[in-house]
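For reference, the structure is listed below as structure tokens.
The values are calculated or read from the model by the stated rules, or taken from the named source; none is laboratory data. The shown structure was predicted, so the numbers you read here are calculated from the model rather than taken from an experiment. No Cβ is skipped: glycine too gets one built from the backbone with ideal geometry, and neighbour counts run over all protein chains shown. We work out accessible area using only protein heavy atoms, side chains counted, and drop any ligands, DNA or RNA first. Shrake-Rupley method; radii C 1.70, N 1.55, O 1.52, S 1.80 Å.
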Amino acid sequence: MSSLDLEKLNPEQRDAVMAPDGPILILAGAGSGKTRVLTHRIAHLLAEGKATPDQMLAVTFTNKAAREMRERVAALVGTGANRIWISTFHSACARILRHEAPRLGFTPDFTIFDEGDSLTLLRRILEEAALPDSPTPEIARARINQAKNEAVSPAHFADAAAGGRDLTLAKIYQLYQDRMRAMNALDFDDLQFLTFHLFEREPEALARWQGRAAHLLVDEYQDTNNVQYQLVRALSARTGNLCVVGDEDQSIYRWRGADIRNILDFERDFPNARIFKLEQNYRSTKTILAAANDVIRNNSERKVKTLWTENGDGDQIVYYTGLTERDEADFIAREVARLTGEARVRPADVVVFYRVNAQSRVIEEALVRRRIPYYIVGGVRFYEHREIKDLLVYLRLIINPADALSLERLVGVPPRGIGARTVEVMREVAADAKIPLYEAMGRLETESRVAFRIAKQASALYEWLRDLIGRAASMSVRGVLDEVIDRSGFAAYLDGLADGPTRKQNVAEMLAAASAFDAESGTGGLADFLERVALVSDADQVNTAGGRIALMTLHTSKGLEYPAVFIAGMEEGLFPHSRAQNSDTEVEEDRRLCYVGMTRARELLYLTNTLSRELYGTRSESRSSRFLNEISTERMRRIAPERERETSLLRPPSRDPYIDYTDSQLPADRESGEFAAGTRVIHPTLGRGVVRKKEGRGDAAKAWINFDRGGIKLLVLKFANLRPIAD
């Protein structure tokens, strides 16, 4: 690499890129150019002859981040870039296991189960085993996932069990792993856990992959869990050439096993490590950055650093308080309409973050009323739609005929008359003959327990699948799918469903995805296609090209940035969450989550809350989040209920040009007359108060009233026995 290329970096970035071999920790604050540093270090190592493309492995957490890194490296390196291994942790482990599967008792064509598949299998195991003190399938899955993320095997789990439910869980864990092995299947967490297990027991395999990762670079190191930490240590042990990039202030995945100590204790784990700090932020305005620093400095589990920027001051942060969640949502929608109407931002430049998914409903309703296009990140993923999963089980069985779970779903879609009783007979035949369930289906014609017509159906299905399995390796993914849809009767089946047209659109989208995959990878690659599908994450749903604003939880926000950011629900018990109230560790986790959300904003940041919120069917009064109180007031412009009429941001008294009035009704709080907003009132029991908002008309009229002693109450005016009083 030329010195001219390095001149594009700031001094701290350049020092990190040019650091000599050995362990390196790059503390990269939000928006400080960490991807630029990682990709330039890869290019620098190649240019200096310190590594070949076949000796480098860079891992990160999302397909989106890995794709961006590959594109940037290709632009810097040119020839040979495609030989550099840049991957997510899970994809890297899947690749390793495809090569080493026989050492662990699997074949390379193993299936990767998703969460739904795992729960289905666990339900069956719990029903069959009928163990005392059994947990729910969801709890069992969570505990098994936790064990795998902590690199705990079923045997070690059993050894540590004190009895009771823990001993039951240990048995379930072992039964689950045995059944998965019998089906040549792995779940999402197995990919990393079994790779760790492989490295522990197969030194020859470890040495081979250590050579492939002679220079190991790890992005988002603060998000690593214990099994990932062990994998990183194992792969880097031979050469010691480990470069990790991360920011403990952005560690937000403790709930799924991430251990912040991995980055905080890096110098202890690698005593000769070099440490670099990237503190210059290129993303946000000075005001946004200062506010984010105000919040995060209250955490104790962090390394000392302060982000700074050469960007301008920018606008003040808008802090809005609504009476209810409907006011909050309407404000958000109104502001989006104003910003886009004034061409200050595009819809795709806007994101609304919230702490829990339940907050999205009322926000969606407000956006619909104003005809603002939006999409939700983290909802039902495309590949989890029923019709898509129905097709995927055909592909999974084709590459892995031992996948009994896929076969059981396959025989029923489209309906063929092969019901639960027939499947039970197939299981018995498979168990008696010690053959896969798929092979048992081919023997039903000799079974008197199955009606001849049904046995013929099963036999025809078996013969077609066996033929397709033999041909699939020479076919494109699109070709396999086309045959499945045609020969199985899937298209006609969808035509018979009430929502068939929508489901057929999804199938068409899947066919397009298969065609795109074929064009990218060439003929074949069915296993690779299924692996890619299995490892799609929420972050991969983000689409800035669709002209819609994005709605998502704060946990999905990592790696993203937007010109305009809204964070809704800044209230105690919601953010920080009620589960964090009695734990300093959990409060610090939520504070990091707040910091991450704030630092996604480039130009505009809105923080909103309410005086009263209904959540999960219960309405209660709200208190402002402590995170809001940590921000210097000079950085914020406050919009509170008492001052709504004074601000130009709030809706004017005339008809709003951005709202869709299909019901011919103006918002209720514009109504004047008795008990209008601002009226002082007295109640026989609750005492004195002030009307904050009036809703509805006639007998249905209601008012939100802030009583001096009782706080916010919603009363039906017809029965409230209220009396206006002078101030």
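Quick notes on this one:
- Quarter of Cα convex hull surface for segment 414-478, i.e. mean projection, nm²: 5.1 nm²
- For K171, a cut-off of 28 angstrom between C-alpha atoms picks up these lysines, skipping any fewer than 8 places away in its own chain: K148, K434.
- Candidate cross-link partners of K693 among the lysines, defined by an alpha-carbon separation under 21 Å and a same-chain spacing of 8 or more, comprise K702, K713, K718.
- Share of carbon and sulfur in the accessible area of the chain stands at 48%, probe radius 1.4 Å.
- Spin-label model, A508/E365: points 7 Å from Cα along the beta carbon direction are separated by 3.3 nm.
- Note on E586/R346: beta-carbon distance plugged into 1/(1 + (r/R0)^6) with R0 of 45 Å gives a FRET efficiency of 0.75.
- Using just its DSSP H runs of length 4 or more, each adding -39500 (n - 2.57), the chain gives a mean residue ellipticity at 222 nm of -13000 deg cm²/dmol after division by all residues.
- Selection from V450, G496, A472, by position along the positive dipole direction of segment 369-509 (Cβ): G496
- Net length gained if the chain between R619 and A75 were fully extended (0.36 nm per residue, minus Cα distance): 190.4 nm
- The chain: Cα Rg divided by the 2.2 N^0.38 Å rule of thumb: 1.08
- Prolate/oblate/rounded call for segment 380-450, Cα gyration tensor, a/c under 1.5 rounded: prolate
- For segment 297-336: rounded, prolate or oblate by the Cα gyration tensor [a/c cutoff 1.5]: oblate
- Hydrodynamic radius by Kirkwood, which averages 1/r over all alpha carbon pairs of segment 231-349, in angstrom: 18.4 Å
- Segment 443-600, accessible area per residue, ligands and nucleic acids excluded (1.4 Å, Å²): 42 Å²
- For K277, a cut-off of 23 angstrom between C-alpha atoms picks up these lysines, skipping any fewer than 8 places away in its own chain: K8, K34, K286, K303, K305, K558.
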